[in-house]
Amino acid sequence: MVFRVGLVLFSALSVFAASAADYPVKTVRMVVPFAAGGSTDLLARNIAQRLNETWKQPVIVDNRAGGGGIVGSEVVAKSPPDGYTLLVGTVTTHAVSASLYRKLPFDPQRDFTPIIEWAHIPQMLSVHPSIPVRSVKELVALAKGRPNALNYGTAGAGSASHMAMALFESMARVKMVHVPYKGTGPALTDLLGGHLGLMFDVIMTSLPHVKSGKLRTLGLSSLKRSPLTPDVPTIAESGYPNFEAMVWFGQFAPANTPADVVRKINEDTARALQSPKMREILASQGLEVVAGTPADFTQRVAAEIGKWRKVIQEAGIKLDY
C-alpha cells in the first residue's frame, strides 16, 4: 500500500515537473486590475504580445477593473498556482493597499508570488501658472505661509498621486487640501482649468502640458533626473533627500506557483523587456526598464509596503473596500 501511494505521488510529481519544463502548453491569462486603455493596460498588452511570440501560445489580457485594483487582484489570488493566471500589479495594488484598506480579501504578500518588476516611472509635481512659485522651495514657503489654502488633485484616495503628495506633505511639513477625483483625467482637466493649484502625475501625461506652457513643473518624484526632462530637478535634490514616489508595474502569480515556472516567466519576460525595441518604446513614455529577479522584486515589494505604511499611518488615511 505504501509502495503504491509512493508510486502515485512520484508519477504526479514527474508530470508536474515536466509541465514546468514545457511551460506554457496552453493559453496564459494576464489579469490587469484596471480598465482597458490606461497605462497599466497598454504596458501589459505590449508585453503580452512579445510573450505570445516567444511562447507560441496565446497570452490574453483580461481587464478586471474595480475597487482600485482589488477586484482583479482577488481573481488571481484565488486562481490555481500553475502559472496560467498572472496578475499585473502596481505600487497601489501591492504596496499601498496593504495598509490603506481596513480589510482586504487577500494579503498582498502572503497570497502572491512576485515574478518580475517590469518598469517604473516618475511622477511630476506640476502647478497651474497662476500659482506664484517656480521651485519646490518656493512652493513649501507658500504652503507654510498659507496652511490649507492650496488645493491639490489626485486620481483618487489612495492613488499613487495621492501617496506622493502625502509623502511630500510629511517631509516638507506642510498641509494642503486634498481633492480626490475618479481618475487622473478629470483631475488633470481641472488643474489645466485653474480649479486646482497643483498635483502629482506620471511624466508621460504631464509633460505635454508643461511643454505647451499650460502647466509649470517643479520637480520629479524619482531619485535621479529623467532623460525626457534633464533640466527638471528631482524633489530629492531640491531639499528633500530620499524623496521618492515611483509608479511601478510588475508581474505576480498566485502563491505557491512552482519556482521553475516563476523562473521561466521571469527570464522570458526580462528578455522581452530588454529588447532594444521595448526599451525604446518605454523610454519614449518616461518608463525605465527594471527586469530584475523574483528575489529582487520580492524585496522591492516588502520595502514599499513598509514605506507606504508609515506614510498612510501618519496621514491617517483609511478606506473601506
**Message:** If N is the number of residues in region 43-157, what value comes out of its Cα radius of gyration divided by 2.2 N^0.38 Å?
**Reply:** 1.48
**Prompt:** With each pseudo-label sitting 7 Å past Cα toward Cβ, what's the Lys78-Leu42 distance in nm, one decimal?
**Reply:** 3.3 nm
**Request:** For the chain, with a Gaussian network of springs between Cα atoms less than 10 Å apart, report the residue from Ala270, Ala166, Ala303 with the top mean-square fluctuation.
**Result:** Ala303
**Request:** State the Cα centre-to-centre distance between region 286-305 and region 181-232 in whole Å.
**Result:** 25 Å
**Complete:** P(r) of region 123-238 over all Cα-Cα pairs, 10 Å bins starting at 0, rounded to whole percent, reads 15, 53, 31, 1
**Prompt:** What order do you get for His195, His128 when you list them from fewest to most C-beta neighbours inside 10 Å?
**Reply:** His195, His128
**Burial ordering of Arg309, Arg110, Arg50, Arg134, fewest other beta-carbon atoms within 10 Å first** = Arg110, Arg134, Arg309, Arg50
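Take the residue pairs Lys224/Lys310; Lys103/Lys144; Lys137/Lys214 and return only those whose Cα atoms are more than 31 Å apart.
Numbers: Lys224/Lys310 23 Å; Lys103/Lys144 35 Å; Lys137/Lys214 21 Å.
Cα-Cα > 31 Å for Lys103/Lys144; rest within.
If R0 is 41 Å, what FRET efficiency do you get for Lys318 and Gln49 from their C-beta distance, rounded to 0.05? Write out the running numbers ahead of the final one.
Details: r = 39 Å, r/R0 = 0.96.
The value I calculate is 0.55.
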**Over region 45-139, relative contact order from alpha-carbon pairs under 8 Å, at least 6 apart, %** = 16 percent
**Request:** Give the span of the chain's Cα atoms along each principal axis, as three whole-Å numbers ordered largest to smallest.
**Result:** 81, 42, 31
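Relative contact order, percent, of region 123-238 when contacts are C-alpha pairs under 8 Å separated by at least 6 residues? Kindly include the intermediate steps, with their values, before the conclusion.
Details: 198 pairs, mean separation 44.5, N = 116.
So the answer I get is 38 percent.
Could you list Lys56, Lys214 in order of exposure, starting from the residue whose Cβ has the fewest other Cβ atoms within 10 Å?
Numbers: Lys56 7, Lys214 15.
Starting with the residue having the fewest Cβ neighbours, the order is Lys56, Lys214.
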**Asked** Around Thr257, with a cut-off of 14 angstrom between Cβ atoms, what is the net charge of the other residues, counting Lys and Arg +1 and Asp and Glu -1?
**Response** +2
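Since every read-out is calculated from the coordinates, none of them should be taken as a lab result. Please read these numbers as outputs of a predicted model, since none were measured by experiment. Quick reminder, even Gly has a Cβ in these numbers, built from the backbone with ideal geometry, and neighbours come from all protein chains shown.
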